[in-house]
1. For region 310-320, what are the residues that are crowded, with 24+ Cβ neighbours inside 10 Å and farther than 15 Å from Gly254 by Cα?
2. Of everything in region 329-349, what is of a type in the set (D, E, K, R) and crowded, with 19+ Cβ neighbours inside 10 Å? Give them in sequence order.
3. Looking at Leu221, Leu212, Leu239, which one is part of a helix (DSSP H, G or I), aliphatic (A, V, I, L, M) and either at pLDDT below 95 or over 21 Å from the mean Cα position of the chain (by Cα) (or both)?
4. Which of the residues belonging to region 70-93 are in a helix (DSSP H, G or I) and either of a type in the set (Ser, Thr, Tyr) or in contact with a Ser or Thr (Cβ under 6 Å, 6 or more places away or on another chain) (or both)?
5. Got a sec? Which of Ala261, Ala299, Ala290 is surrounded by fewer than 18 Cβ atoms within 10 Å (Cβ to Cβ), modelled with pLDDT of 90 or more and either more than 17 Å from the chain's Cα centre (by Cα) or closer than 20 Å to Val238 by Cα (or both)?
6. Could you tell me whether Gly137 is over 21 Å from Val194 (Cβ atoms) and either without any contact (Cβ under 8 Å) to a residue 60 or more places away in the chain or surrounded by 15 or more Cβ atoms within 10 Å (Cβ to Cβ) (or both)?
7. Of all the residues that make up region 242-268, how many are in contact with a Pro (Cβ under 9 Å, 6 or more places away or on another chain), farther than 10 Å from Val210 by Cα and assigned to a helix (DSSP H, G or I)?
8. Mind listing whichever residues of region 44-69 are modelled with pLDDT under 90, aliphatic (A, V, I, L, M) and assigned to a loop (DSSP other than H, G, I, E, B)?
Amino acid sequence: MRRRPAALALASTLAATWIAYALVTSVRFSSGLARPDPECSSAQEVSICSHQLKGMSSLPLNTDGTDEATPPRDGSLAGMTAMWHEGITCFDVDGVLTSDGVMLATHPKRFADATGGARPAEMTLARARDAGADEAGFPTLDDVIAHFASLVEATAPDARPYWWRGDDSFAKITSVSPRRRGRRPAAPPLTGPVLCLDLKGDALAPAHAVRLVALADDLNLRGRVLVYVYDGGKDDAVLAALATKRPSVAVGLGRRDENPAHRSVPALSRVSTGGTNEHDEASGGGIVRAIVPSVGFDARWYEAAVQTGLHVVSWVVDDEATLGAQLALGVSGVITNEPGRMLRALHDTRIRCEQKKYW
(Lines give C-alpha, C1' and ligand atoms only; values in the text may rest on other atoms or scores of the structure.)
Protein backbone atom coordinates (compact mmCIF):
# COMPACT_ATOMS: atom_id res chain seq x y z
CA MET A 1 0.00 0.00 0.00
CA ARG A 2 1.48 3.31 -1.11
CA ARG A 3 1.95 6.11 1.44
CA ARG A 4 0.00 9.29 0.59
CA PRO A 5 2.10 12.33 -0.18
CA ALA A 6 2.53 14.68 2.78
CA ALA A 7 0.77 17.51 0.95
CA LEU A 8 -2.32 15.36 0.37
CA ALA A 9 -2.40 14.33 4.01
CA LEU A 10 -2.14 17.94 5.13
CA ALA A 11 -4.95 18.95 2.76
CA SER A 12 -7.18 16.20 4.13
CA THR A 13 -6.49 17.30 7.69
CA LEU A 14 -7.27 20.94 6.92
CA ALA A 15 -10.48 19.98 5.14
CA ALA A 16 -11.64 17.92 8.10
CA THR A 17 -10.80 20.77 10.48
CA TRP A 18 -12.74 23.26 8.35
CA ILE A 19 -15.80 20.98 8.21
CA ALA A 20 -15.74 20.54 11.98
CA TYR A 21 -15.44 24.30 12.50
CA ALA A 22 -18.33 24.93 10.10
CA LEU A 23 -20.54 22.44 11.94
CA VAL A 24 -19.77 24.02 15.32
CA THR A 25 -20.38 27.51 13.96
CA SER A 26 -23.66 26.39 12.40
CA VAL A 27 -24.84 25.00 15.72
CA ARG A 28 -23.87 28.19 17.56
CA PHE A 29 -25.67 30.41 15.08
CA SER A 30 -28.78 28.21 15.00
CA SER A 31 -28.93 28.29 18.79
CA GLY A 32 -28.71 32.08 18.82
CA LEU A 33 -25.45 32.17 20.77
CA ALA A 34 -23.31 33.71 18.05
CA ARG A 35 -25.90 35.40 15.90
CA PRO A 36 -24.61 38.78 14.70
CA ASP A 37 -25.91 41.66 16.77
CA PRO A 38 -25.05 45.09 15.31
CA GLU A 39 -25.34 46.80 18.70
CA CYS A 40 -22.45 44.71 20.00
CA SER A 41 -20.04 46.36 17.54
CA SER A 42 -19.06 49.07 20.01
CA ALA A 43 -21.03 48.25 23.17
CA GLN A 44 -18.07 46.76 25.01
CA GLU A 45 -15.95 49.93 25.00
CA VAL A 46 -18.29 52.80 24.13
CA SER A 47 -18.27 55.77 26.52
CA ILE A 48 -21.30 57.53 27.97
CA CYS A 49 -20.56 61.27 28.04
CA SER A 50 -22.51 63.71 30.19
CA HIS A 51 -24.04 66.64 28.31
CA GLN A 52 -23.83 69.97 30.18
CA LEU A 53 -23.62 68.13 33.53
CA LYS A 54 -27.36 67.44 33.22
CA GLY A 55 -29.56 64.49 34.14
CA MET A 56 -28.83 64.21 37.85
CA SER A 57 -32.28 62.78 38.54
CA SER A 58 -31.53 59.77 36.31
CA LEU A 59 -28.57 58.67 38.42
CA PRO A 60 -28.84 56.06 41.19
CA LEU A 61 -28.09 57.64 44.55
CA ASN A 62 -26.41 55.96 47.50
CA THR A 63 -28.03 56.74 50.84
CA ASP A 64 -27.29 55.77 54.41
CA GLY A 65 -30.86 54.57 54.92
CA THR A 66 -31.83 57.45 57.19
CA ASP A 67 -32.52 60.32 54.81
CA GLU A 68 -33.91 60.51 51.33
CA ALA A 69 -31.11 61.40 48.97
CA THR A 70 -31.37 64.64 47.03
CA PRO A 71 -29.66 64.63 43.63
CA PRO A 72 -27.07 67.33 42.98
CA ARG A 73 -28.09 70.24 40.83
CA ASP A 74 -27.71 70.06 37.08
CA GLY A 75 -24.60 71.91 35.98
CA SER A 76 -22.88 71.67 39.36
CA LEU A 77 -19.46 70.41 40.36
CA ALA A 78 -21.20 68.10 42.82
CA GLY A 79 -23.07 66.66 39.86
CA MET A 80 -19.80 65.95 38.06
CA THR A 81 -18.55 64.12 41.14
CA ALA A 82 -21.77 62.08 41.40
CA MET A 83 -21.53 61.00 37.77
CA TRP A 84 -17.84 60.18 38.17
CA HIS A 85 -18.68 57.80 41.02
CA GLU A 86 -21.20 56.06 38.74
CA GLY A 87 -18.49 55.46 36.15
CA ILE A 88 -19.00 58.43 33.84
CA THR A 89 -15.62 60.01 33.09
CA CYS A 90 -16.44 61.77 29.82
CA PHE A 91 -18.00 65.23 30.06
CA ASP A 92 -19.26 67.55 27.32
CA VAL A 93 -19.34 71.07 28.77
CA ASP A 94 -20.44 74.29 27.08
CA GLY A 95 -18.74 77.62 27.70
CA VAL A 96 -20.16 81.15 27.40
CA LEU A 97 -18.45 84.49 27.96
CA THR A 98 -19.80 87.27 30.18
CA SER A 99 -19.32 90.94 29.29
CA ASP A 100 -16.40 91.21 31.72
CA GLY A 101 -14.59 88.22 30.21
CA VAL A 102 -15.50 85.42 32.63
CA MET A 103 -16.21 82.00 31.12
CA LEU A 104 -19.22 80.20 32.60
CA ALA A 105 -19.85 76.48 32.13
CA THR A 106 -23.33 76.54 30.64
CA HIS A 107 -25.30 76.67 27.41
CA PRO A 108 -26.64 80.05 26.20
CA LYS A 109 -30.24 78.82 26.46
CA ARG A 110 -29.78 77.57 30.00
CA PHE A 111 -28.19 80.89 30.92
CA ALA A 112 -31.13 82.75 29.39
CA ASP A 113 -33.64 80.57 31.25
CA ALA A 114 -31.93 81.37 34.55
CA THR A 115 -31.54 85.11 33.99
CA GLY A 116 -34.85 86.10 32.47
CA GLY A 117 -33.79 85.86 28.85
CA ALA A 118 -30.43 87.63 29.04
CA ARG A 119 -27.47 86.88 26.80
CA PRO A 120 -24.12 86.16 28.51
CA ALA A 121 -22.42 89.01 26.59
CA GLU A 122 -24.93 91.47 28.07
CA MET A 123 -24.06 90.76 31.70
CA THR A 124 -21.08 90.95 34.00
CA LEU A 125 -20.45 87.96 36.22
CA ALA A 126 -21.83 89.84 39.24
CA ARG A 127 -25.04 90.77 37.42
CA ALA A 128 -25.44 87.23 36.15
CA ARG A 129 -25.12 85.89 39.69
CA ASP A 130 -27.73 88.34 40.95
CA ALA A 131 -30.06 87.47 38.08
CA GLY A 132 -30.11 83.75 38.86
CA ALA A 133 -26.99 82.17 37.36
CA ASP A 134 -25.65 81.30 40.80
CA GLU A 135 -22.25 79.80 41.47
CA ALA A 136 -23.52 76.33 42.40
CA GLY A 137 -25.43 75.72 39.19
CA PHE A 138 -23.29 77.88 36.90
CA PRO A 139 -19.63 77.43 37.89
CA THR A 140 -16.87 79.06 35.90
CA LEU A 141 -15.29 76.91 33.24
CA ASP A 142 -11.96 77.33 35.02
CA ASP A 143 -13.48 75.75 38.12
CA VAL A 144 -14.93 72.89 36.07
CA ILE A 145 -11.51 72.15 34.56
CA ALA A 146 -9.88 72.27 37.99
CA HIS A 147 -12.54 69.99 39.49
CA PHE A 148 -12.20 67.51 36.64
CA ALA A 149 -8.44 67.52 37.21
CA SER A 150 -8.95 66.77 40.91
CA LEU A 151 -11.11 63.75 40.04
CA VAL A 152 -8.50 62.45 37.61
CA GLU A 153 -5.74 63.02 40.16
CA ALA A 154 -7.63 61.17 42.90
CA THR A 155 -8.36 58.19 40.67
CA ALA A 156 -5.22 57.86 38.57
CA PRO A 157 -2.45 60.17 39.80
CA ASP A 158 0.19 58.43 37.69
CA ALA A 159 -1.86 58.18 34.51
CA ARG A 160 0.04 58.91 31.32
CA PRO A 161 -1.19 61.60 28.92
CA TYR A 162 -4.17 60.43 26.93
CA TRP A 163 -3.32 59.02 23.51
CA TRP A 164 -5.78 59.85 20.75
CA ARG A 165 -5.87 57.25 18.03
CA GLY A 166 -5.99 57.65 14.28
CA ASP A 167 -5.84 55.63 11.09
CA ASP A 168 -3.18 53.21 12.39
CA SER A 169 -5.40 51.95 15.19
CA PHE A 170 -8.37 51.58 12.85
CA ALA A 171 -6.28 49.45 10.51
CA LYS A 172 -5.29 47.20 13.41
CA ILE A 173 -8.86 46.89 14.66
CA THR A 174 -10.14 45.83 11.25
CA SER A 175 -7.17 43.71 10.15
CA VAL A 176 -9.37 40.62 10.61
CA SER A 177 -12.48 41.07 8.51
CA PRO A 178 -15.28 42.14 10.88
CA ARG A 179 -17.91 40.98 8.39
CA ARG A 180 -16.45 37.47 8.38
CA ARG A 181 -17.07 37.39 12.11
CA GLY A 182 -20.54 38.86 11.71
CA ARG A 183 -19.38 42.17 13.15
CA ARG A 184 -19.36 45.71 11.85
CA PRO A 185 -16.32 48.00 11.99
CA ALA A 186 -16.27 50.37 14.94
CA ALA A 187 -14.47 53.63 15.61
CA PRO A 188 -11.56 53.59 18.10
CA PRO A 189 -12.89 53.49 21.68
CA LEU A 190 -12.93 56.67 23.74
CA THR A 191 -11.12 55.41 26.83
CA GLY A 192 -9.95 57.30 29.86
CA PRO A 193 -11.25 60.54 31.38
CA VAL A 194 -11.95 63.17 28.72
CA LEU A 195 -13.28 66.73 29.04
CA CYS A 196 -14.95 68.06 25.88
CA LEU A 197 -15.27 71.85 25.53
CA ASP A 198 -17.97 73.35 23.31
CA LEU A 199 -17.26 77.09 23.40
CA LYS A 200 -20.22 79.20 22.29
CA GLY A 201 -20.38 82.63 20.67
CA ASP A 202 -17.63 85.01 21.75
CA ALA A 203 -16.13 82.27 23.91
CA LEU A 204 -14.89 80.50 20.78
CA ALA A 205 -11.84 82.64 20.10
CA PRO A 206 -8.15 81.70 19.80
CA ALA A 207 -7.08 83.47 22.99
CA HIS A 208 -9.79 81.86 25.12
CA ALA A 209 -9.29 78.38 23.70
CA VAL A 210 -5.51 78.53 24.13
CA ARG A 211 -5.83 79.82 27.71
CA LEU A 212 -8.23 77.05 28.74
CA VAL A 213 -6.04 74.34 27.25
CA ALA A 214 -2.98 75.86 28.94
CA LEU A 215 -4.85 75.70 32.26
CA ALA A 216 -5.69 72.05 31.64
CA ASP A 217 -2.06 71.27 30.80
CA ASP A 218 -0.91 73.00 34.00
CA LEU A 219 -3.33 70.76 35.93
CA ASN A 220 -1.82 67.58 34.43
CA LEU A 221 -4.67 67.07 31.97
CA ARG A 222 -2.37 67.02 28.98
CA GLY A 223 -4.17 65.38 26.09
CA ARG A 224 -7.42 64.90 28.03
CA VAL A 225 -9.21 67.93 26.58
CA LEU A 226 -11.17 67.87 23.32
CA VAL A 227 -12.11 71.27 21.87
CA TYR A 228 -14.91 71.44 19.30
CA VAL A 229 -14.72 73.49 16.12
CA TYR A 230 -17.12 73.61 13.20
CA ASP A 231 -16.49 75.53 9.96
CA GLY A 232 -14.55 78.50 8.69
CA GLY A 233 -13.93 81.94 10.17
CA LYS A 234 -13.01 81.98 13.82
CA ASP A 235 -13.22 78.19 13.98
CA ASP A 236 -10.27 77.95 11.60
CA ALA A 237 -8.43 80.60 13.60
CA VAL A 238 -8.98 78.61 16.81
CA LEU A 239 -7.79 75.42 15.13
CA ALA A 240 -4.62 77.08 13.84
CA ALA A 241 -3.86 78.75 17.19
CA LEU A 242 -4.24 75.50 19.12
CA ALA A 243 -2.08 73.59 16.64
CA THR A 244 0.68 76.18 17.00
CA LYS A 245 0.54 76.95 20.71
CA ARG A 246 -1.04 73.87 22.32
CA PRO A 247 -0.42 70.87 20.05
CA SER A 248 -1.15 68.48 22.93
CA VAL A 249 -4.85 69.26 22.67
CA ALA A 250 -7.27 67.22 20.60
CA VAL A 251 -9.83 68.88 18.36
CA GLY A 252 -13.24 67.46 17.51
CA LEU A 253 -14.93 68.49 14.27
CA GLY A 254 -18.57 69.22 15.11
CA ARG A 255 -21.04 68.11 12.46
CA ARG A 256 -24.75 69.07 12.29
CA ASP A 257 -27.02 67.02 10.05
CA GLU A 258 -29.11 70.08 9.17
CA ASN A 259 -26.04 71.64 7.52
CA PRO A 260 -25.90 70.51 3.84
CA ALA A 261 -22.11 70.92 3.73
CA HIS A 262 -21.75 68.60 6.72
CA ARG A 263 -23.81 65.88 5.03
CA SER A 264 -21.17 65.38 2.34
CA VAL A 265 -19.73 61.88 2.57
CA PRO A 266 -16.72 62.65 0.30
CA ALA A 267 -15.79 65.48 2.67
CA LEU A 268 -15.17 62.91 5.40
CA SER A 269 -12.28 61.41 3.43
CA ARG A 270 -10.64 64.83 3.47
CA VAL A 271 -11.20 64.98 7.23
CA SER A 272 -9.33 61.70 7.53
CA THR A 273 -6.41 62.96 5.46
CA GLY A 274 -6.06 66.18 7.41
CA GLY A 275 -6.99 64.78 10.77
CA THR A 276 -4.23 62.21 10.94
CA ASN A 277 -1.41 64.19 9.38
CA GLU A 278 0.71 65.02 12.38
CA HIS A 279 3.00 67.22 10.28
CA ASP A 280 0.22 69.52 9.09
CA GLU A 281 0.34 71.83 12.10
CA ALA A 282 0.00 75.03 10.09
CA SER A 283 -3.61 74.21 9.24
CA GLY A 284 -4.33 72.43 12.50
CA GLY A 285 -4.91 69.09 10.78
CA GLY A 286 -2.48 67.29 13.06
CA ILE A 287 -4.61 67.82 16.16
CA VAL A 288 -7.98 66.75 14.73
CA ARG A 289 -8.73 63.53 16.57
CA ALA A 290 -12.50 63.16 16.55
CA ILE A 291 -15.69 63.75 14.62
CA VAL A 292 -18.61 64.91 16.78
CA PRO A 293 -21.82 64.48 14.75
CA SER A 294 -25.47 64.88 15.61
CA VAL A 295 -27.48 61.65 15.47
CA GLY A 296 -29.49 62.66 12.40
CA PHE A 297 -26.95 61.51 9.80
CA ASP A 298 -27.76 58.31 7.91
CA ALA A 299 -25.95 54.98 8.16
CA ARG A 300 -23.89 55.61 5.01
CA TRP A 301 -22.53 58.83 6.50
CA TYR A 302 -21.67 57.16 9.80
CA GLU A 303 -19.96 54.31 8.00
CA ALA A 304 -17.73 56.84 6.24
CA ALA A 305 -17.07 58.61 9.56
CA VAL A 306 -15.99 55.35 11.20
CA GLN A 307 -13.70 54.58 8.27
CA THR A 308 -11.74 57.80 8.83
CA GLY A 309 -10.08 56.08 11.78
CA LEU A 310 -10.92 59.03 14.05
CA HIS A 311 -12.99 58.81 17.22
CA VAL A 312 -16.71 59.34 16.56
CA VAL A 313 -18.73 60.83 19.45
CA SER A 314 -22.41 61.42 18.66
CA TRP A 315 -25.01 63.71 20.22
CA VAL A 316 -27.60 63.81 21.72
CA VAL A 317 -28.60 60.27 22.78
CA ASP A 318 -31.36 60.26 25.40
CA ASP A 319 -33.36 57.06 24.80
CA GLU A 320 -32.74 53.35 24.38
CA ALA A 321 -33.69 53.21 20.69
CA THR A 322 -31.26 55.97 19.74
CA LEU A 323 -28.52 54.37 21.84
CA GLY A 324 -29.04 51.03 20.11
CA ALA A 325 -28.89 52.67 16.69
CA GLN A 326 -25.67 54.49 17.54
CA LEU A 327 -24.04 51.35 18.93
CA ALA A 328 -24.91 49.55 15.70
CA LEU A 329 -23.19 52.33 13.76
CA GLY A 330 -19.95 51.74 15.71
CA VAL A 331 -19.48 55.04 17.55
CA SER A 332 -16.77 55.67 20.16
CA GLY A 333 -19.03 57.53 22.57
CA VAL A 334 -22.46 59.10 22.97
CA ILE A 335 -23.32 62.43 24.59
CA THR A 336 -26.48 62.36 26.69
CA ASN A 337 -28.74 64.41 28.95
CA GLU A 338 -29.81 61.15 30.65
CA PRO A 339 -26.56 59.58 31.87
CA GLY A 340 -28.10 57.20 34.39
CA ARG A 341 -30.71 55.90 31.98
CA MET A 342 -28.14 55.38 29.23
CA LEU A 343 -25.75 53.62 31.60
CA ARG A 344 -28.48 51.14 32.53
CA ALA A 345 -29.39 50.58 28.88
CA LEU A 346 -25.74 50.02 27.97
CA HIS A 347 -25.38 47.57 30.85
CA ASP A 348 -28.33 45.54 29.54
CA THR A 349 -26.86 45.54 26.03
CA ARG A 350 -23.50 44.31 27.28
CA ILE A 351 -25.16 41.45 29.15
CA ARG A 352 -27.01 40.45 25.98
CA CYS A 353 -23.81 40.54 23.94
CA GLU A 354 -21.98 38.42 26.52
CA GLN A 355 -24.80 35.87 26.55
CA LYS A 356 -24.49 35.61 22.78
CA LYS A 357 -20.74 35.07 23.22
CA TYR A 358 -20.16 37.98 20.89
CA TRP A 359 -16.87 38.93 22.56
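1. Answer for region 310-320, where residues must be crowded, with 24+ Cβ neighbours inside 10 Å and farther than 15 Å from Gly254 by Cα: just Val317.
2. Residues of region 329-349 of a type in the set (D, E, K, R): 338, 341, 344, 348.
Within region 329-349, Glu338, Arg341 meet the criteria.
3. It is Leu239.
4. Residues satisfying the conditions are Thr81, Met83.
5. Details: Ala261 fails: modelled with pLDDT of 90 or more; Ala290 fails: surrounded by fewer than 18 Cβ atoms within 10 Å (Cβ to Cβ).
Sole residue among the options that is surrounded by fewer than 18 Cβ atoms within 10 Å (Cβ to Cβ), modelled with pLDDT of 90 or more and either more than 17 Å from the chain's Cα centre (by Cα) or closer than 20 Å to Val238 by Cα (or both): Ala299.
6. Numbers: over 21 Å from Val194 (Cβ atoms): yes; either without any contact (Cβ under 8 Å) to a residue 60 or more places away in the chain or surrounded by 15 or more Cβ atoms within 10 Å (Cβ to Cβ) (or both): yes.
So Gly137 fits the description; yes.
7. At the first step, the residues of region 242-268 found to be in contact with a Pro (Cβ under 9 Å, 6 or more places away or on another chain) are 242, 245, 248, 253-257, 262.
Now drop any that are not farther than 10 Å from Val210 by Cα, which leaves 248, 253-257, 262.
Within this subset, residues satisfying the condition of being assigned to a helix (DSSP H, G or I) are 262.
Residues in region 242-268 being in contact with a Pro (Cβ under 9 Å, 6 or more places away or on another chain), farther than 10 Å from Val210 by Cα and assigned to a helix (DSSP H, G or I): 1 in total.
8. Leu59, Leu61, Ala69
The values are calculated or read from the model by the stated rules, or taken from the named source; none is laboratory data. What you see is a predicted model, and the numbers here were worked out from it, not measured in a lab. So basically every Cβ, Gly included, is an ideal-geometry build from the backbone, and we count neighbours across all protein chains shown.
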